[in-house]
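Following this message is one structure expressed as structure tokens.
The values are calculated or read from the model by the stated rules, or taken from the named source; none is laboratory data. Everything numeric here is computed off the predicted structure, so don't read it as measured data. Every residue, glycine as well, gets a Cβ built from its backbone with ideal geometry; the counts of neighbours run over all protein chains shown.
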Amino acid sequence: MNKISERLDQLKTSNTTGLMTHLVLGYPDMPTSIEIARTLARGGADFLEIQIPFSDPVADGPTIMTANQTALDRGITVPECLRAISEICEQVDIPVLIMSYYNLVFSYGTAEFCTAAQKSGVSGLIIPDMPIEEEQDELLFQHADEHDLINITFVSPATSKVRLEKIATFTRGFTYCFSTYGITGSRTELDSHLASYIGEVRKHLDLPLGIGFGIKTPDHIRQIGKIADIAIVGSAIIDQYNTASPDHALQQIGSYVGSLKAATRR
Amino acid sequence: MKELFFKTSYDADDRGHFGAYGGRYVPEMLMPALEELEKAYDDARRDPGFARDLTDLYHHFSGRPTPLYHAQNLSRQLGGAQIFIKNEGLNHTGAHKINHCLGQALLAQRMGKKRIIAETGAGQHGLATATVAARFGFECTVFMGEVDVARQRPNVFWMEQLGTEVRPVGFGSRTLKDAVNAALKDWIATVETTHYIIGSCLGPHPYPSMNRDFQAIVGAEVEDQIQDHGFPKPDYVIACVGGGSNSLGIFNAFLDDPEVHLIGVEAGGKGVEKLGDHAARFEGGRPGVVEGYKSFFLQDTDGQLTHTHSISAGLDYAGVGPQIVYLKDRGRLHLTYATDEQAIAAFRMLASTEGILPALESSHAVAEAIKLAPTLPQKKSIVVNLSGRGDKDIFIVAEAVKDSKWLDFLQSVIDREKQSDTK
Ligand SMILES: Cc1ncc(COP(=O)(O)O)c(C=O)c1O
């Protein structure tokens, strides 16, 4: 059984909200980002979303974009990232998902990328610019499936009912719901329409839902716990790193994740 | 003349695929907006009222038809084929970009949008967008890489005068590709109220097809105008290729006539040997999926877009419209390039022989005509799409031709400002 599905089952039995934490590989540098991955896992994350940096990250806001750029300016490569991911997967117990943009996958070879990801110990893919409409040409879902990877689907507040039903047929594991219109970046308040939008999604998608974009505080996690299965935290973790003094950054990330984790018990 | 909207055997399929290229590779947030746009465009294209409104704007706002001018001096000097200049530079705002901006503005109005955003490289598309925004009463933001803001100040200034906010983009290579990125991000957050006027025949479906259709008037006019000059049809049509809007605009009417040779000219920059020195996607680029579409991109082995260089901001882009790749694959379009130096030389030659100052983008097409004409007999015809006029490039050309009096002038302007500040 895929590790993502296993974890989702465990979460259900323990009645807790899943916590998916994100990091950009190679930010601020490769060794530190690997340390961050371990810190997040130790702090109680249920899933690790590891981003392979891309030059044109179209769904990312300034925080994650700058992290991508910093990593690339250092000359980070995809093969290096795959090696680092393999190292991380050996050291942590929780499911790891690769997040990136489709050109890096396409460039590597979609089937070859899935082979490499599986070999590294990865359980899923999060590729926001590869919509289900292009599957018949790209076969990303198919190749992922053949390599026991879950290719995550997406839903936004603008997604129509017709699309929701189409998306449902492609969904394994969980669906990634964008909390609001917009790109990544931490926000102080969750969208006021979140509950009704997620309620609408539920009617058409009878599968676990993750909510991401703008999630930052324990209170956000509690609110998400009432309506969805997984809370996804990205930019806020990089913000933690950026605002901490370098000597204490890992410690600060650790205690931050701990505080989020504490809010996952329902 | 042809109907405003016409089909060819090189059109995209229902999902916006031109053979293996094109498509709609965008995050979920944009899918509904693109579906809405596609539907609105399909409706508009079938609505005679829409064609009438657009034609009216082409004529009375932009000044169409633009002339097809027989460049006899240049042709004589080169001693070969007859060169004709399709002078899109005589459009309102100085380039062909106004054609698709008018089309998209009409469409945005039809969809009830209140705000317009756009990306721009040279500033020509931004200027045309700012112009239609003022004309139609839209709020408008134009994204522009910091490098381009610095080298295209005149257009930035005019956009601001037209009431548009020009937002400099400081990420990545700080040129056109980063401006596209920034505009897409804005759109992701604002799709309900905002229409994104993409500035070329690229991006996710339906943009490549829609912008081509709004530009197709150029070739349709040429088809008629060349006959007034005694030629049943052009033997060669040459256009510069940034994203593909001016080239597909002039090519579209001739796609199904294999006797008309079509040539696209990319930016060879400082030479095409090294990635980063040029913007010639067919010299060192390969297939990729970036910014919402599958096409040819200049990228490294991992698939990261590489920096590009061209003296002309409008050609300085890592990607190219998917239909251009498709036409090349099907053997319908020949692609070549001109270097910065050749473009400047062509600029000077056209200026001195014909009294026409071409945009630096268009100078690339002129450079190819200068190469080709002497190899052909005098009874052959070459139509060059002069996509824009050169006014906007005054700073770059002055620098390239090392005009010391121009520097003195700039210095004197600064000195005068300083003096009046201290008074
Ligand atoms: C005058 C002019 N010509 C050509 C171009 C290149 O774009 P395209 O290939 O879409 O015509 C531009 C782009 O800014 C331009 O301003």
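Please go through region B:229-245 and pick out each residue that is outside any loop (DSSP other than H, G, I, E, B) and crowded, with 24+ Cβ neighbours inside 10 Å.
Taking region B:229-245 and keeping what is outside any loop (DSSP other than H, G, I, E, B), we get B:236-240, B:245.
If the condition is that a residue be outside any loop (DSSP other than H, G, I, E, B) and crowded, with 24+ Cβ neighbours inside 10 Å, then B:Val237, B:Ile238, B:Ala239, B:Cys240, B:Ser245 are the ones that fit.
Now, a different point. Can you pull out the residues in region A:165-190 that are surrounded by 18 or more Cβ atoms within 10 Å (Cβ to Cβ) and in a helix (DSSP H, G or I)?
Correct list: A:Ile167 only.
Answer yes or no as to whether B:His59 is over 15 Å from B:Asp213 (Cβ atoms) and either within 16 Å of the ligand (Cβ to nearest atom) or in contact with a helix residue (DSSP H, G or I) (Cβ under 9 Å, 6 or more places away or on another chain) (or both).
No; evaluated as a whole, the condition is false for this residue.
Let me ask something additional. Within region A:171-192, does at least one residue satisfy the condition of being more than 14 Å from chain B (Cβ to nearest Cβ), within 23 Å of B:Leu30 (Cα to Cα) and in contact with an Asp or Glu (Cβ under 7 Å, 6 or more places away or on another chain)?
Among the residues of region A:171-192, at least one is more than 14 Å from chain B (Cβ to nearest Cβ), within 23 Å of B:Leu30 (Cα to Cα) and in contact with an Asp or Glu (Cβ under 7 Å, 6 or more places away or on another chain), which makes the answer yes.
Can you pull out every residue in region B:192-203 that is crowded, with 24+ Cβ neighbours inside 10 Å and either outside any strand (DSSP E or B) or of a type in the set (Val, Ile, Thr) (or both)?
Within region B:192-203, B:Ile197, B:Ile198, B:Gly199, B:Ser200, B:Cys201, B:Leu202, B:Gly203 qualify.
Which ones in region B:219-242 are touching a Pro at 6+ places or on another chain (Cβ under 9 Å) and within 16 Å of the ligand (Cβ to nearest atom)?
Selection gives B:Val222 alone.
Closer than 25 Å to B:Gly276 by Cβ, in contact with a strand residue (DSSP E or B) (Cβ under 9 Å, 6 or more places away or on another chain) and surrounded by fewer than 24 Cβ atoms within 10 Å (Cβ to Cβ): which single residue out of B:Pro206, B:Pro168 fits that description?
Working: B:Pro206 fails: closer than 25 Å to B:Gly276 by Cβ.
Exactly one of B:Pro206, B:Pro168 is closer than 25 Å to B:Gly276 by Cβ, in contact with a strand residue (DSSP E or B) (Cβ under 9 Å, 6 or more places away or on another chain) and surrounded by fewer than 24 Cβ atoms within 10 Å (Cβ to Cβ), namely B:Pro168.
For B:Tyr293, only one of the following conditions fails: (1) away from the ligand (no atom under 16 Å from the Cβ); (2) within 14 Å of chain A (Cβ to nearest Cβ). What is its number?
Every condition holds for B:Tyr293 apart from (1).
Residues of region B:320-333 being away from the ligand (no atom under 16 Å from the Cβ) and not basic (Lys, Arg), which ones?
Answer for region B:320-333, where residues must be away from the ligand (no atom under 16 Å from the Cβ) and not basic (Lys, Arg): B:Asp329, B:Gly331.
Taking the conditions exactly as written (modelled with pLDDT of 95 or more, away from the ligand (no atom under 14 Å from the Cβ) and within 24 Å of B:Arg330 (Cα to Cα)), does B:Pro206 satisfy them or not?
yes
Being under 30 Å from B:Thr375 (Cα atoms) and either touching a strand residue (DSSP E or B) at 6+ places or on another chain (Cβ under 9 Å) or crowded, with 19+ Cβ neighbours inside 10 Å (or both) narrows it down to one residue among B:His96, B:His100; which is it?
The unique qualifying residue is B:His96.
Identify, from the list B:Val222, B:Val272, the residue that is touching a residue at least 40 places away in the same chain (Cβ under 8 Å), in contact with a strand residue (DSSP E or B) (Cβ under 7 Å, 6 or more places away or on another chain), aliphatic (A, V, I, L, M) and assigned to a loop (DSSP other than H, G, I, E, B).
Step by step, each of B:Val222, B:Val272 is checked, and only B:Val272 is touching a residue at least 40 places away in the same chain (Cβ under 8 Å), in contact with a strand residue (DSSP E or B) (Cβ under 7 Å, 6 or more places away or on another chain), aliphatic (A, V, I, L, M) and assigned to a loop (DSSP other than H, G, I, E, B).
Can you pull out the residues in region A:26-42 that are farther than 12 Å from A:Ile238 by Cβ and either of a type in the set (Lys, Arg) or buried (at least 19 other Cβ atoms within 10 Å of the Cβ) (or both)?
A:Gly26, A:Ile34, A:Ala37, A:Arg38, A:Thr39, A:Ala41, A:Arg42
Residue pairs, Cβ under 6 Å, 6 or more apart or interchain, first in region B:189-202 and farther than 15 Å from B:Thr120 by Cα, second of a type in the set (Gly, Ala, Ser) and at pLDDT below 95. List them.
The qualifying pairs are B:Ala189/A:Gly182; B:Val191/B:Ala33.
Looking at region B:311-341 only, could you name the residues that are assigned to a loop (DSSP other than H, G, I, E, B), away from every other protein chain (no Cβ under 13 Å) and within 29 Å of A:Ser100 (Cβ to Cβ)?
Result: B:Asp316, B:Val320, B:Gly321.
How many of the residues making up region B:63-92 are within 16 Å of the ligand (Cβ to nearest atom) and either among the aliphatic types (A, V, I, L, M) or modelled with pLDDT under 95 (or both)?
2
Look at B:Gln411 and say whether it is more than 16 Å from the ligand (Cβ to nearest atom), of a type in the set (S, T, N, Q) and either at pLDDT 90 or above or surrounded by 24 or more Cβ atoms within 10 Å (Cβ to Cβ) (or both).
Yes, satisfied.
On to the next question. Working carefully through the options B:Leu262, B:Leu248, B:Leu255, find the one that is within 18 Å of B:Arg332 (Cα to Cα), more than 16 Å from the ligand (Cβ to nearest atom) and surrounded by 19 or more Cβ atoms within 10 Å (Cβ to Cβ). Outline the logic, then answer.
Values: B:Leu262 fails: more than 16 Å from the ligand (Cβ to nearest atom); B:Leu248 fails: more than 16 Å from the ligand (Cβ to nearest atom).
Exactly one of B:Leu262, B:Leu248, B:Leu255 is within 18 Å of B:Arg332 (Cα to Cα), more than 16 Å from the ligand (Cβ to nearest atom) and surrounded by 19 or more Cβ atoms within 10 Å (Cβ to Cβ), namely B:Leu255.
Something else now. Taking only pairs six or more apart or across chains, which ones have beta-carbon atoms under 7 Å, a first residue in region B:7-18 that is within 13 Å of chain A (Cβ to nearest Cβ), and a second residue that is of a type in the set (S, T, N, Q) and in a loop (DSSP other than H, G, I, E, B)?
From residues that are within 13 Å of chain A (Cβ to nearest Cβ), there are no pairs.
Which one is surrounded by the fewest Cβ atoms within 10 Å (Cβ to Cβ), of the residues in region B:34-77 that are in contact with a Phe, Trp or Tyr (Cβ under 7 Å, 6 or more places away or on another chain) and under 16 Å from B:Pro206 (Cα atoms)?
Result: B:Arg45.
Out of B:Gly288, B:Gly303, which single residue is away from the ligand (no atom under 16 Å from the Cβ), within 14 Å of chain A (Cβ to nearest Cβ), farther than 27 Å from B:Glu88 by Cα and in a loop (DSSP other than H, G, I, E, B)?
B:Gly303
Test A:Met65 against the stated conditions and say whether it is crowded, with 23+ Cβ neighbours inside 10 Å, of a type outside the set (Ser, Thr, Tyr) and at pLDDT below 95.
Considered against the rule, which asks whether it is crowded, with 23+ Cβ neighbours inside 10 Å, of a type outside the set (Ser, Thr, Tyr) and at pLDDT below 95, A:Met65 comes out as yes.
Does B:Gly172 fit the bill of being in contact with a helix residue (DSSP H, G or I) (Cβ under 7 Å, 6 or more places away or on another chain), more than 14 Å from chain A (Cβ to nearest Cβ) and among the small types (Gly, Ala, Ser)?
When the stated conditions are applied, B:Gly172 does not pass them.
Here are the criteria: (1) closer than 28 Å to B:Thr308 by Cα; (2) in contact (Cβ under 8 Å) with a residue 40 or more places away in the chain; (3) more than 12 Å from the ligand (Cβ to nearest atom); (4) of a type outside the set (Phe, Trp, Tyr). Tell me which single one B:Ala150 does not satisfy.
Answer for B:Ala150: the failing condition is (2).
Additional query: Please count how many residues of region B:393-408 are touching a Phe, Trp or Tyr at 6+ places or on another chain (Cβ under 9 Å) and surrounded by 15 or more Cβ atoms within 10 Å (Cβ to Cβ).
6
I'm checking my understanding of the structure. Among residues of region B:275-303 that are of a type in the set (D, E, K, R) and touching a residue at least 12 places away in the same chain (Cβ under 8 Å), which one is surrounded by the fewest Cβ atoms within 10 Å (Cβ to Cβ)?
The initial filter retains those residues of region B:275-303 that are of a type in the set (D, E, K, R), namely B:277, B:281, B:283, B:286, B:291, B:294, B:300, B:302.
Applying the additional criterion that residues be touching a residue at least 12 places away in the same chain (Cβ under 8 Å) yields B:277, B:281, B:283, B:286, B:291, B:294, B:300.
On the way: B:Asp277: 19, B:Arg281: 26, B:Glu283: 17, B:Arg286: 13, B:Glu291: 28, B:Lys294: 28, B:Asp300: 15.
Top of the filtered list is B:Arg286.
Sticking with this one: Before we move on, is B:Gln104 out of contact with any Gly (no Cβ under 7 Å at 6 or more places or on another chain), of a type in the set (S, T, N, Q), away from the ligand (no atom under 14 Å from the Cβ) and not in a strand (DSSP E or B)? Before the answer, list the steps.
Working: out of contact with any Gly (no Cβ under 7 Å at 6 or more places or on another chain): yes; of a type in the set (S, T, N, Q): yes; away from the ligand (no atom under 14 Å from the Cβ): no; not in a strand (DSSP E or B): yes.
Answer is no for this residue.
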